[in-house]
Amino acid sequence: MRCGVLIPAYQPDGGLPELVSGLEAAGLEAVVVDDGSTAGLEAFRLLEQRGTAVLRHPENRGKGRALKTGLAYMAGQGFQAAVTADADGQHTVEDILRVARALEEHPGRLILGARDVAQMLPRSRAGNTLTRRLFQILHGIRLQDTQTGLRGIPFTESSIPGLLELSGDRYEYEMEMLLYSGRLFPEGVTEIPIETIYLNQNQSSHFRPLADGMKIYRILFRDFPRFLCSSLLAFGLDYAAFNALYYLVFRRTLPATVLARVLSAGVNFQVNRSVVFRAEGTSYTAWNYLKLALCLLALNGGAMYLLVDVLGLPAAVMKLIVEALLYLSSFAVQSRLAARARRR
């Protein structure tokens, strides 16, 4: 299998040529993407003089865009797989080789080099832990390291077109890759342990905690605004249907409440499946939606009984808290059902 190493680089230091030399000495071809650098240009010149393929962006376009440029080039050059590695010294030649070997041992699988979270810098550890927990809760995929840049990517008829079509031009692109990993890599995902390395307290990293972090979390929660609008639509429909049924038909609250709720729930399910989560699959079904609704109803009643009737807490405040928590739980469960359907 012809496997190369793809290195997106922006403002690299003098360690980049050394890394590439080590890879080539180990028998791995390297492709470097200069993502519009204005500093560290000597490193690229040295690589080109040695015959290393260096692709260039005229201006900085982000890591995700650099990865797409490199993947498209490598696929066109006949590579069958790529190991993506960072240019800032966080990935050793030994670990890159281990990922390359794992690609051969696990054909068709996405290989992730997983760092030891306990050895990360405090800020990185906190961000990584929050991201992977949310990723598991909302999308049902459990990974040790969702933000690793060391990845082994097999080239298949479906993976390359899919990878090039994914949205995101910066670090959020790597999160998109994980979200759609089931579709891109049907054989699955394999994590292998790698060293956790930070040089100079990670000062060479170009990750912007606020701007790039917000883009990553926007991907994780991108369905939530539509979910909120869908919920407001269901509430408005429920309210209008109740009043129409009560005043114009039954003049009794029970049948008006039940029929209005059935109508609003049916519309809410269809809107959530086709518009909010866009998940037409076997997991996001009316039966699963009904089970979730009944479960939430039971939890609502049980929680209110415990907090108000048993503990004597104020009903108005507890109602707001319980409803908010169950609302977020409903979003998380439906998001996982939709994610499971999308991965098929």
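Calculated mean residue ellipticity, 222 nm, the chain: -17500 deg cm²/dmol, from DSSP H runs (n ≥ 4) at -39500 (n - 2.57) each, averaged per residue and rounded to 500.
The alpha carbon convex hull volume per residue for the range 110-196 rounds to 91 Å³. Placing dummy labels 7 Å off each Cα toward the beta-carbon, the span from residue 48 to residue 157 is 3.8 nm.
Classify the range 250-344 from the C-alpha gyration tensor, please: rounded if a/c falls under 1.5, else prolate or oblate depending on whether a/b exceeds b/c. Note, shape of the range 250-344 comes out oblate.
Stretched out straight at 0.36 nm per residue, the stretch from residue 221 to residue 134 would grow longer than its current Cα-Cα span by 30.4 nm. Based on alpha-carbon atoms, the Kirkwood radius and the radius of gyration of the range 10-55 give Rg/Rh equal to 0.94. Label-to-label distance, residue 119 versus residue 262, with points set 7 angstrom from Cα along the beta-carbon direction: 6.1 nm. Cα centroids of the range 296-316 and the range 221-269: 23 Å apart. Looking at the range 1-152, the DSSP beta bridges with both ends there are about 20 percent antiparallel.
Relative to the current alpha-carbon distance between residue 327 and residue 306, full extension at 0.36 nm per residue lengthens the span by 5.7 nm.
Taking every Cα-Cα distance in the range 1-150 and sorting them into 10 Å bins from zero, the calculated P(r) comes out as 11, 37, 36, 15, 1 percent. Compactness of the chain is given as radius of gyration and Dmax, 25.0, 86 Å, from Cα positions.
Calculated FRET efficiency, residue 59 to residue 251, Cβ-Cβ distance, R0 = 56 Å: about 0.20 to the nearest 0.05. Label positions at residue 313 and residue 235, each projected 7 Å from the Cα along the C-beta direction, are separated by 2.1 nm. For the range 63-168, the spherically averaged projection of the C-alpha convex hull amounts to 7.5 nm². Under the shape rule built on the C-alpha gyration tensor, where the axes satisfy a ≥ b ≥ c, the range 68-117 is oblate, since a/c reaches at least 1.5 while a/b does not exceed b/c. Can you bin the range 1-78 into rounded, prolate or oblate? Criterion: square roots of the alpha carbon gyration tensor eigenvalues sorted a ≥ b ≥ c, rounded for a/c under 1.5, prolate for a/b above b/c, oblate for the rest. Oblate.
Bear in mind that the values in this text are calculations on the coordinates, not laboratory data. Just so it is clear, the model here is predicted, and its values are computed rather than measured. Heads up, the Cβs are rebuilt from the backbone with ideal geometry, glycines too, and the neighbour counts pull from every protein chain shown.
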